[in-house]
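Read the structure below first, then the notes.
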Amino acid sequence: MSRSTAFVPTALRVADAISPALAGSVAYRLFFRTRPRMPLRAQDRATDLAAHRELLRVRGRDIVTYRWGDGDRTVLVIHGWKGRATQFAPLVRELVAAGLRVVSFDAPAHGESQGRRTDVRDWMAAIEGTQNRFGPFAAIVGHSVGAVAGLTAARTFARTPVVVTISGAAGPFAMIDQFALMMGMSDRARDRLAHLFAARIGETPASVAERFDSAVHPLPERTSLLVVHSRDDRGLPDADSVRLHRAHAGRSRMLQPEGLGHNRILADDDVLDAVVDIVTRGKHRTDDAAPAARTGGERTNRRTPIRHSALPIA
């Protein structure tokens, strides 16, 4: 942690001692910060170039959408806060190799998309626009904030047989609680942050839970759920994922690997196996057993990115 970054919680605690409302307001601005943007990693460049790109108008701004493969069944993958679509490059290669079409987007102020500000409303609008262009979806896979948005969409306008959450939560207040904990905020300052968060998206704290909490309001009965969360995730602990899993007893499977943090989990071989298995089958295995690890040539697509002609933004 840099000296300037380490200074932020201390400054917030000082502000909190003077005025919890002030501390909550300062935390609100920090909570919605999207910079610096995640760069395109070298190992994801070939997958990025292989995508067919288009522009999609979302709440007055153009965002970039991505499409890989030409299968009959379409999977939507949704990145999280300060993320980008190409984070899913290992999974994209797996799903395309399995004969599926994969679509994604960079939310406003993320990746290659325009803007400097954003919130969950943009994720929801982007999912709806992507569905209108590429849907319906055989599965929705979301990471972090993308998991919350994907769950909400699957409960409302984007019904799908399978939802996968990775490093996610049942609802957004788990993320607010973790941010407040990391910043050492008092309960009153945290409540101020929650109130400002809700007001920003045109809600109250109570209506945020009503609209976005997928443990209180579970997925449709025929939707299968895979919940993946590393036990050592410091950015967002797994407690709310456990709550989500328990709310879907009988149709949810949970994987809790060790040592994968918040982002490295997206490239783990066992996680990829589990996601590909439920997406291709359209449901959990009846014995709820983990898919057998593939070896030899069956894994080569993970090491060798798919290579198609790069297509320009249309």
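Annotations
- The modelled label-to-label distance between residue 37 and residue 251, using points 7 Å beyond Cα along the C-beta direction, is 3.8 nm.
- Mean projection area, nm², convex hull over Cα of the range 1-105: 9.3 nm²
- Dipole magnitude of the range 10-153, debye to nearest 20 (Cβ charges: Lys/Arg +1, Asp/Glu -1, about Cα centre): 440 debye
- Kirkwood Rh and Cα Rg combined as Rg/Rh, the range 73-201: 1.00
- Compared with the dominant principal axis of the Cα atoms in the chain, helix 145-155 is inclined by about 70°.
- Packing order of peptides 89-98, 63-72, highest average first: 89-98, 63-72 (average count of other Cβ atoms within 10 Å over each peptide's residues).
- Sequence-separation-based contact order of the range 25-178, relative, with Cα cut under 8 Å and 6+ spacing, percent: 22 percent
- Think of each Lys and Arg Cβ as +1 and each Asp and Glu Cβ as -1; about the Cα centre, that makes the dipole of the chain roughly 740 debye.
- Projected label points at residue 18 and residue 187, each 7 Å from Cα along the beta carbon direction, are separated by 2.5 nanometres.
- Here, the range 126-280 is characterised by an Rg to Rh ratio of 0.97, where Rg is the alpha-carbon radius of gyration and Rh the Kirkwood radius.
- Solvent-free Debye scattering, log10 I(q)/I(0), computed from the Cα coordinates of the range 178-248 at q = 0.14 Å⁻¹: -0.58
- Largest to smallest principal axis extent of the C-alpha atoms in the chain, angstrom: 61, 44, 37
- Summarising the strand pairing of the range 7-132, around 80 percent of its internal DSSP beta bridges are antiparallel.
- Sequence ranges 201-207, 74-80, ranked by mean other-Cβ count within 10 angstrom, highest first: 74-80, 201-207
The numbers here are math on the coordinates, done by the rules we state, and not lab data. These numbers come from a predicted model, not from an experiment. Using ideal geometry, Cβ is built from the backbone for each residue, glycine included, and neighbour counts are taken over all protein chains shown.
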